[in-house]
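Novice: Below is a structure I'd like to ask you about.
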Amino acid sequence: MSNVLPAGTPAPDFTLPVTPDQKISLQELRGQPVILAFYPADWSPVCGDQMALYNEILPEFQKFGAQLMGLSVDGVWCHRAFAEARQLHFPLLSDFEPKGTVARSYGAYRTADGMSERALFVIDKTGIIAWSYCSPIAVNPGADGILEALEGLTK
Amino acid sequence: MAKLRTAVTPQDHIQGPEDAEVTLVEYGDYECPHCGGAYPVVKRLQKHFGKRLGFVFRNFPLSEVHPHAESAAEAAEFAGAQGKFWEMHDLLFENQERLSEPLYLRLAEELGLPPEALRQALEEGIYEARVRADFSSGVRSGVNGTPTFFINGERHDGPFDYETLLLAIQEKIGKRETPSSLKADGFFVRVSRRGDYAYGR
C-alpha cells in the first residue's frame, strides 16, 4: 500500500478537468473544508459502491460546509457517463493526463496497476491536510472517518 | 476496523434474545439485490445458531439508486409500530422486484394492518425520522454499502455468503468461550470436523 501524505502536510495544489470544458483547482476552494476521495475506477460493479454511498451521505458532508470531490484516472467522458448513470451530485475529477499525477503527489498512486488507491483526504480551510486514510483496495472505507475528521476541524 | 457506534437497544427490531452470544446487525435496503440475496442467508444462520444468535435489522435505503427503498423502509417501520415488523420485512424481501405503494398496501392487508393508515403514514412521512436515524447511525459506524453486517459490533468486511458468515460468527463464539470458563460451568464443547459446536454437561 502507498504511503499517503499524512495530516499536517500542506495539500499539493492541482488543476484538473471536471467536465469536458471545465477545470477546477484546489486553490479555488480555500476557505472551506475539502474532501478528496481517490478511487481506483468508475463503474465498480456493486450497488453500494463508494461514490454512490458518498452521494447518499452528501447532506451530512454539507452540514460542515465541506466540498467533496472524487478523483480517478478515468477520462472526463467516462466520468460524465458514470456520474449520470449514478446521479452523482458532486464533481468527479479526471487525473488522466499526465495519468495519475495528482494521485502520485498525494502518495496515492498504484504504479503497478496504473490507478489510484482508495485514499481519503480531509483538507482544512487553510489548505492543510487534517486527516488521511488509505483503505485496502477492495474495501470501501465508508464515511465514518471523513465525518470524524470534519468534526475535528470545528473543535 | 469499523465499529458499530450505536448500540443495540430495545428500540431496535431484534429477533432472538437481546443477550444472545452473538448479535448480527444488518444495515439493509429492501430494493438492493445484494440484500435480497442475503435475506435467505440470514434465515439459514438463524436456523443454525438458534437462540445463540440475535439478529437486528436497521434501515439503510440508498434512495439515489433505489427509488422504492425509502418507502419500503417506512412501510416496514409502520408494520413494526404495530408489532409486525418482521412479517413485513420478510414479505418486502420476498417481493423485492415489485416494490410499490399498491404492494405495501396489499401486504398490510395480508398482515391484518389497516392499509389506509399505512397510506397516510407514507404520505406524511411519519416513519421518515426513524429511517433517517438508522441511516445516520450506519454512516457513523462505517456502513460502506448494502448490506453491511456487524458481528458483535465489528464490521464484517468481505463476502456475505452463508459459509463466510457462519465462520465469522463461529469465530466470535470461540472467542467468548475460553476453556477455563467452560470448565467452571461444567460444560464441554465438541467441535466437529464441519466446525459445528455441540454442548453438553
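Computed from the coordinates by the stated procedures, all read-outs in this text should not be read as laboratory data. The structure displayed is predicted, hence computed values, not measured ones. Please note: Cβ atoms are built from the backbone with ideal geometry, for glycine as well, and neighbour counts cover all protein chains shown.
Novice: Hey, rough spin-label estimate for B:THR9 and A:LYS99, points 7 angstrom out along Cα→Cβ, what's it come to in nanometres?
Specialist: Those two pseudo-labels are separated by 5.2 nm.
Novice: While we're looking at this one, here's another question. Here is the link list: B:LYS3/B:LYS172; B:LYS51/B:LYS172; B:LYS84/B:LYS172; B:LYS3/B:LYS43; A:LYS63/A:LYS125. Which ones come out longer than 20 Å on Cα distance?
Specialist: B:LYS84/B:LYS172; B:LYS3/B:LYS43
Novice: Still on this model: Which ³J(HN,Hα) values, rounded to whole Hz and listed in residue order, are derived for segment A:10-18 from phi using the Karplus coefficients 6.51, -1.76 and 1.60 in 6.51 cos²θ - 1.76 cosθ + 1.60 with θ = phi - 60°, glycine and proline given as x?
Specialist: x, 6, x, 6, 7, 10, 9, x, 10
Novice: Work out how much length A:ASN3 to A:GLU84 would gain on full extension: take 0.36 nm times their residue separation and subtract the Cα-Cα distance, in nm to one decimal.
Specialist: Here the segment from A:ASN3 to A:GLU84 would lengthen by 25.9 nm.
Novice: Please list, in chain and number order, the residues 5+ apart from A:LEU71 or on another chain whose amide H is under 5 Å from its amide H, with Hs placed from the backbone.
Specialist: Residues meeting the criterion, in which the H sits 1.01 Å from N, are A:ALA37, A:PHE38, A:TYR39, A:LEU93.
Novice: Remind me, relative contact order of segment A:100-147 in percent, using alpha carbon pairs under 8 angstrom and six or more residues apart? Mind dumping the intermediate values first?
Specialist: Details: 52 pairs, mean separation 12.9, N = 48.
Once normalised by length, the contact order is 27 percent.
Novice: While we're looking at this one, here's another question. Report the FRET efficiency, 1/(1 + (r/R0)^6), for B:LYS47 and A:GLN22, where r is their Cβ-Cβ distance and R0 is 41 Å, rounded to 0.05.
Specialist: 0.15
Novice: Mean residue ellipticity at 222 nm from the helices of chain A, using -39,500 (n - 2.57) per DSSP H segment of n ≥ 4 over the full residue count, to the nearest 500 deg cm²/dmol? Please report the intermediate quantities before stating the final value.
Specialist: Numbers: 4 runs with 40 residues, N = 155.
Mean residue ellipticity at 222 nm (helix-derived): -7500 deg cm²/dmol.
Novice: Amide H of B:THR23: which non-local residues (sequence gap of 5 or more, or other chain) have their own amide H closer than 5 Å, using H built in the peptide plane?
Specialist: It is B:GLY54, B:ASN152, by chain and number.
Novice: Give a quick list of trypsin sites (Lys or Arg not before Pro) in segment A:1-74 that DSSP marks as loop, anything other than H, G, I, E or B, with at most 15 other Cβ atoms within 10 Å.
Specialist: Within segment A:1-74, the qualifying trypsin sites (Lys or Arg not before Pro) (loop, at most 15 other Cβ atoms within 10 Å) are A:ARG30, A:LYS63.
Novice: Can you pull the three principal axis extents for the Cα set of chain B, in Å, largest first?
Specialist: For chain B, the Cα extents along the three principal axes come out at 57, 34, 27 Å.
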